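The values are calculated or read from the model by the stated rules, or taken from the named source; none is laboratory data. Since the model is a prediction, treat every value here as computed from it, not as a measurement. Cβ: placed from backbone, ideal geometry, glycine included. Neighbour counts: every protein chain shown.
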């Protein structure tokens, strides 16, 4: 290699000046070193200008420089002017003396203050500054990384300031395990390359910032693209977590939504991985509404961007539940950002961190940048949810419409409503109250049979009680076209608290919604329900269909009632057509009957209660029909009830009716006789046979003119005229305790006593001829007259069975007659060869007659050919008479023929 020109000159000079030989050797040595340094400096400068990455820079810097000077390792730090700190930027990890220490990761992630005893001495200097660690290591505030280096054998350190535009942008921190390593030549050399180092560090920093921004933009773009595909609320924060956690160090997050009034906010969607899920009150925190002036939400509401809050500065006794749970889960810092938007949807994003200082300016910038995309995604989700909700509402209302269209009865209605309400998870219970006929009160119609509240004290009373409409609550609902929310605690502070509100309070019902049920302009009733969430569209849709269904059910029930009444009237009409007794066929003109006719004419035009008294077979039903036919109620059929013809447990149902399911066997609703006799006459035959327990209810119905069907809750008002009949002495029954005195006095308004046939001797001939003509017509047998002998026998007989007995004996005699004249009558005295004494009492005569008839019939009571059939009386009535007259089997079976 050819020598540099400068060395050639030195060699020539050496040849000429041999006496200066040693001097020149030294000079040559220094010049050679200079040339070497110059060459290294040039190569290092060239390498530095080509560096683009941290690793390249520290590798080139350390390897080139170590060829000239001794040091163990070097670290380049950068200055954060805003925070007045510095932090590691470039590290030669291979040469790092402390690479084996556990503290290394935390030291590399730490920031150190510029005013510490180490860096402060060189930060403002233009030249490198070196230190012996023994001199400074024990000073207060010395940075931790210097202590660790000292512990690893480092004895000396040098700080080389890096400047750009007259400002210190960083430092080169060089370390050596030898004292004196950082000579003046070293310092001079490093000073010469400090500007290139500064430029290289600046370029790398700029490149990294550009790369970081590009990476951030890529991540944000991915988040934005992913958010654009989200259609469900639960997926929203999953997308945010997946992307945003690459950019911002947070533990979990939550989104909140502001209510329409702008007064409270609540959780919109929560992090699926939220650590608060482990707490029992997690669900309560999600469902709670929090005031906007709680000091947390309000801190962000007045700012344009994200706000960082130090959670340790808040009083945990005064913060919302969600704050307490997140704090308990380890959160110590949070950032809250109100998402920007021009719709009614007001959302916020809250991020939590377990360390203070997590959310720096860069993090806040990223949070702010993602806000608009997050809001757009949330708006799309809200719009999608609204569409889905409307579809669900349509589907729900359509299903409910199908169910309600099939409703024909109260039971069907209750099932349909209960089925619909079960689909509304927010509804915890309901009750429908209908306005009563008089319009001043409401009564319970149906209620949620699945609710646990039905077993609460006071619930049954609330269901059974009528409540005045004008109580400040029901009338308020009926005046409104919108649902009304009632807070139970507030309603309990009323001057006068309705009883059902007290029951709400006792049952723990905090909120109740009241909705008016109406068809057109007609109010039908009120729907009360307990719910925390109100969907007005569904609620209004349900109430509209419920109102229509109730109206249809009520109309249908009326139609069923009318149909039942028509069927009963038709049966009664057929009975009247077929009966031998009717009001136009009262036979008798004797003085006894004239007195009866006079009383009938007096009472017929009135609505007074009539009590018909007389022995069996005297024609009490015939007189009752005569009174009815002469009354203003004659256009409607008289309804008859034989109180002795039914078992005691069925008489109540017969009189007052029953609802479906009221008792075992009640498969459908039954309209009672009182309801059938509305605006007509109810004939209560054999009233003396009515059980005592029913006499009380009968009295109340007669007095108050209203009743409820068995198993029913609706009060039915009726206008019924009562005609009662009995063959008993009711005064004696009252004295014996078998009949209520108050009922007797109520029935005995206008008594009419019908004379027995034995006291109507003058009427026996007309009656006999009448029955003869009727039976001949019905049977086709031509018997035209009655012999004088038979007529005399008829008049001599005592007739314990009265007119009914006369009729049946003539029918029997006609069937047994061969000629055109009735010459033989088969009276009991001729049949049994034993005359009936005129000195016997009526009961004795009746008892003897029944016993003789039973003997003839072989002891058979009911059925064809039985004693009841022969006597022309219902078997139940005959049983009752036998019990009253103390007729036992021994009386008629021992001698039965």
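General remarks:
- Out of 695, 703, sole residue that is under 25 Å from residue 632 (Cβ atoms) and either exposed (fewer than 15 other Cβ atoms within 10 Å of the Cβ) or touching a residue at least 24 places away in the same chain (Cβ under 8 Å) (or both): 703
- Residues of the stretch 662-679 that turn out to be touching a strand residue (DSSP E or B) at 6+ places or on another chain (Cβ under 9 Å) and assigned to a loop (DSSP other than H, G, I, E, B), as a count: 8
- Positions within the stretch 471-496 being out of contact with any strand residue (DSSP E or B) (no Cβ under 9 Å at 6 or more places or on another chain) and either at pLDDT below 85 or surrounded by 16 or more Cβ atoms within 10 Å (Cβ to Cβ) (or both), in sequence order: 471
- Only one of the listed residues (645, 666) is closer than 22 Å to residue 701 by Cα and not assigned by TED's automatic domain parsing to the domain that holds residue 414. That residue is 645.
The rows are residues; the columns are (1) assigned to a helix (DSSP H, G or I); (2) farther than 19 Å from residue 733 by Cα; (3) at pLDDT 90 or above.
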{"position": "640", "(1), (2), (3)": "no, yes, yes"}
{"position": "650", "(1), (2), (3)": "yes, yes, no"}
{"position": "654", "(1), (2), (3)": "yes, yes, no"}
{"position": "660", "(1), (2), (3)": "no, yes, no"}
{"position": "681", "(1), (2), (3)": "no, yes, yes"}
{"position": "684", "(1), (2), (3)": "no, no, yes"}
{"position": "693", "(1), (2), (3)": "yes, no, no"}
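- Of all residues in the stretch 75-93, those being more than 17 Å from residue 54 (Cβ to Cβ), touching a residue at least 40 places away in the same chain (Cβ under 8 Å) and part of a strand (DSSP E or B) number 0.
- The residue of the stretch 613-624 that is nearest to the chain's Cα centre (by Cα), among those that are closer than 14 Å to residue 681 by Cα and buried (at least 24 other Cβ atoms within 10 Å of the Cβ), is 624.
- As for the stretch 155-166, it holds at least one residue that is buried (at least 16 other Cβ atoms within 10 Å of the Cβ) and assigned to a loop (DSSP other than H, G, I, E, B).
- Total residues in the stretch 108-150, condition under 13 Å from residue 86 (Cα atoms) and in a strand (DSSP E or B): 2
- Subset of the stretch 431-458 (residues that are in a helix (DSSP H, G or I) and touching a strand residue (DSSP E or B) at 6+ places or on another chain (Cβ under 9 Å)): 452, 453, 454
- The stretch 315-340, residues that are surrounded by fewer than 16 Cβ atoms within 10 Å (Cβ to Cβ) and in a loop (DSSP other than H, G, I, E, B): 315, 316, 317, 318, 330, 340
- Taking the criterion of being crowded, with 20+ Cβ neighbours inside 10 Å and touching a helix residue (DSSP H, G or I) at 6+ places or on another chain (Cβ under 8 Å), the residues of the stretch 80-90 that qualify are 89, 90.
- Some residue of the stretch 115-130 being modelled with pLDDT of 90 or more, in contact with a helix residue (DSSP H, G or I) (Cβ under 6 Å, 6 or more places away or on another chain) and over 21 Å from residue 65 (Cα atoms): no
- Pairs with Cβ under 8 Å, 6+ apart, first in the stretch 321-339 and on the phi > 0 side of the Ramachandran plot, second part of a loop (DSSP other than H, G, I, E, B): 330/251; 330/354
- Of residues in the stretch 256-291 being over 26 Å from the mean Cα position of the chain (by Cα) and buried (at least 17 other Cβ atoms within 10 Å of the Cβ), the one nearest to residue 376 (Cα to Cα): 271
- In the stretch 744-752, the count of residues that are in contact (Cβ under 8 Å) with a residue 12 or more places away in the chain, at negative phi, surrounded by fewer than 20 Cβ atoms within 10 Å (Cβ to Cβ) and in a loop (DSSP other than H, G, I, E, B) is one or more.
- Yes/no for residue 349 being under 30 Å from residue 552 (Cβ atoms), in contact with a helix residue (DSSP H, G or I) (Cβ under 9 Å, 6 or more places away or on another chain) and surrounded by 13 or more Cβ atoms within 10 Å (Cβ to Cβ): no
- Residues located in the stretch 434-458, provided they are surrounded by 15 or more Cβ atoms within 10 Å (Cβ to Cβ), within 16 Å of residue 524 (Cβ to Cβ) and more than 18 Å from the chain's Cα centre (by Cα): 434, 435, 436, 441, 442, 443, 444, 445
A quick yes/no check of all residues on (1) in the same structural domain as residue 82 (by TED's automatic domain parsing); (2) over 30 Å from residue 294 (Cβ atoms):
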| residue | (1), (2) |
| --- | --- |
| 170 | yes, yes |
| 175 | yes, yes |
| 180 | yes, yes |
| 189 | yes, yes |
| 194 | yes, yes |
| 213 | no, yes |
| 236 | no, no |
| 265 | no, no |
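- Subset of the stretch 227-267 (residues that are part of a loop (DSSP other than H, G, I, E, B), out of contact with any strand residue (DSSP E or B) (no Cβ under 8 Å at 6 or more places or on another chain) and on the phi < 0 side of the Ramachandran plot): 230, 231, 232, 245, 246, 247, 260, 261
- Among residues of the stretch 268-302 being modelled with pLDDT of 90 or more and in a strand (DSSP E or B), the one that is nearest to residue 321 (Cα to Cα) is 290.
- The residues on offer are 706, 659, 693, 686, and the sole one that is under 30 Å from residue 598 (Cβ atoms) and in the same structural domain as residue 597 (by TED's automatic domain parsing) is 686.
- Inspection of the stretch 553-562 identifies at least one residue that is under 25 Å from the mean Cα position of the chain (by Cα), closer than 22 Å to residue 717 by Cβ, modelled with pLDDT under 85 and in a helix (DSSP H, G or I).
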